[in-house]
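Here's the structure, in structure tokens; my notes come after.
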Amino acid sequence: MFRKTSPQISLFDSSMIFPGILPENDWSHIFREKIYPQIDETIFKHLYCEHWGAPNKSIKLQISLLIFMNSERLTWREAEYHFQRRIDWMNATQTACDMNRIDHTTLYKFYNRIAEDDVAYELFKRLTAMFILECDVSTKQQRVDSFFMHGWLAKLSRYGLLKETCRVFLQNFRKQKPGLYETICVDLSRDYLKENFDFTEKDKEKANKKIQEMAEDMYHIRQAFENHHQVKHYKSFQLLVQVFNQRCNVVKVDKSHVDSDNHVNIEIKKSPDGKGEQIISTPHNTDAQYTRKRNQTVTGHKGFLTETCDPDNDVQYLTDVNLEPAGHADAVEIDKIEDRLDENGFKPDVFYGDAGFVNGESILEAAEKGIDLEGPSAGRSQSIEGYAKEDRPLDVADFKVKIKDDTEELIILSCPNNEIPLDQVRSEKTGQLSVHFDNKKCKDCLLNNRCPVKIGARVSTLTVGEAQYAGAERHHKYMGNSEYRKQCGIRAGAESLVNEVANKHGARKSRYRTEKRSRLQIIFAAMACNVKRYLKHTMDSCVQNQLNMKEVVS
Ligand code: SF4
């Protein structure tokens, strides 16, 4: 049952029992006076039954403890332990000295409850609005960056994955259908539910042999239960089938060549089927997706962080935070970030991103919302040195163009060789402009090996759209203008933001199996980061900084 925290201060409040024990400029006084009252409990009301059940533990207290946990990278048990012993935590949360107990499971259950909802993001938004207002922070300039959050369990090897997937299914199966389990387990190559289970096999030859046997076991299980009216609906069975399909091929063989009744061979695929993000890497964390970035392979999620970056601000605050599957593209998320910033009242005038976020489409979409999206866009020249070369590849921004004032449509006036197009038509289907040039002139042109036009048998064609032009134009601006590059340099500060949230607040690695809980983890990490910045800003002369305390003590 929902119950608000009583505003009445207890006689046993730490400030009454131990007056003066904390310095006047201690962080906990600021938290108690400024932040604690801003935690609006009513937004959590819908998570509780209106009439039944025991009254809830103070929501303000639990939220505060979750923020402290993320500030200091504590575990659930450590949070419980610290709460009983730390006067500053008690003072910050207005907790009486005889009430400083919370079971870590209570805190964990509360965390799981709010993970199912957007309420934590709502709280983040409200606290941020308060910080921005109090510190008179301008949101006109902002920057964004993304980083990978690794899944809570390391990616398993192929050997470990097949073995663990079978084990997870059989464990559940034995519990649900003990009789059926006894009949199937005798046909399997090994006892998957044996204790002291090992995920690795160092001998490569042995490992390959065992992988083959386990793949055959999986095929056997699939054949046995794919039409069973109950077992086929088990999640663990569906997962087993999915892993088998991704990793193995079933090859039919001539009946005369095999002794068994199956008449099939199970072949192990060299690389798993499916797009990177759909490949299952562990049966325990199917939400975590597998992706590659240059030489880095990641199984997990992608976090997005946005912060203010106006040089005139005394302090910068995070204005948005989100978590998506690891394969989610930055250029797709930037549009959603802008929408959220607008909705939350933090819409920037100028928004800085890197080449992952900035492309022709995102530039135009941002412009439609009245946001100036700045940063480099990928193009045909790979480097500034490459762009400066005389024989660099040409792109659509090397053509002379005109943008119509009323419709903002693109018209090509002439090519880099000053040739006028024969005609230009817009495709109704794709919206792209097909611009035709005299192919004889193109064949004789000295620039034809650098030019993006396709020289055909009858005519040369350049296919271009407004977004492509916007991207190419930005590429030229970034590569050719050192002043602009300097201006965009302000985005680099987002790297240290990522470092702060990922490494200092523990968002580099997920502590949970599901994406929802991992998302909550990054929201609390961002909230803790903002609280820390607010405290630091408000109390420059503080003698005891909560977040540096560990360093001071050690
Ligand atoms: S190849 Fe054709 S379109 Fe390209 S620069 Fe030469 S003449 Fe112009």
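Derivation of every value follows stated rules applied to the coordinates shown; laboratory data play no part. It should be emphasised that the depicted structure is a prediction, and the values quoted were computed from it without experimental measurement. So basically every Cβ, Gly included, is an ideal-geometry build from the backbone, and we count neighbours across all protein chains shown.
In vacuo Debye scattering of the chain, one point per C-alpha: log10 I(q)/I(0) at q = 0.07, 0.12 Å⁻¹?
The calculated log intensity ratios at q = 0.07, 0.12 Å⁻¹ are -0.61, -1.16.
Which of rounded, prolate, oblate describes segment 384-479, given a ≥ b ≥ c as roots of the alpha-carbon gyration tensor eigenvalues and a/c under 1.5 marking rounded, otherwise prolate only if a/b is larger than b/c?
Here segment 384-479 falls in the oblate category.
Of 485, 247, how do they rank once you tally other Cβ atoms within 10 Å and put the fewest first? Present the calculation step by step, with values, prior to reporting the outcome.
Working: 485 14, 247 24.
Listing 485, 247 from fewest to most nearby Cβ atoms yields 485, 247.
Could you tell me which residue out of 49, 96, 31 lies farthest along the dipole of segment 1-133 toward its positive end? Charges go on the beta carbon: Lys and Arg +1, Asp and Glu -1, centred on the Cα centre.
Projecting each Cα onto the dipole axis, the largest value belongs to 49.
For segment 16-98, calculate the relative contact order in percent as a whole number, restricting contacts to Cα pairs under 8 Å that are 6 or more residues apart.
Reported relative contact order: 46 percent.
What ranking of 105, 538, 93, 282 emerges when the number of other C-beta atoms within 10 Å of each C-beta is taken as an exposure proxy, fewest first?
So the residues, fewest neighbours to most, are 105, 538, 282, 93.
Please list 146-152, 496-502 highest first by mean number of surrounding beta-carbon atoms within 10 Å per residue.
Ranking the peptides 146-152, 496-502 by packing returns 146-152, 496-502.
Mind giving me the nanometre distance, one decimal, between the label points for residue 297 and residue 268, set 7 Å out from Cα along Cα→Cβ?
1.4 nm
From the Cα trace of segment 1-129, what convex hull volume per residue do you get, rounded to a whole Å³?
113 Å³
Size of the dipole of segment 384-479 about the Cα centre, Lys and Arg at +1 and Asp and Glu at -1 on the beta carbon, nothing else charged, in debye to 20?
For segment 384-479, the charge dipole is close to 320 debye.
For the chain, what is the charge dipole size about the Cα centre, in debye to the nearest 20, if Lys and Arg each add +1 at the Cβ and Asp and Glu each add -1 at the Cβ?
The calculated dipole for the chain is roughly 1900 debye.
What is the order of 269, 34, fewest Cβ neighbours within 10 Å to most?
269, 34
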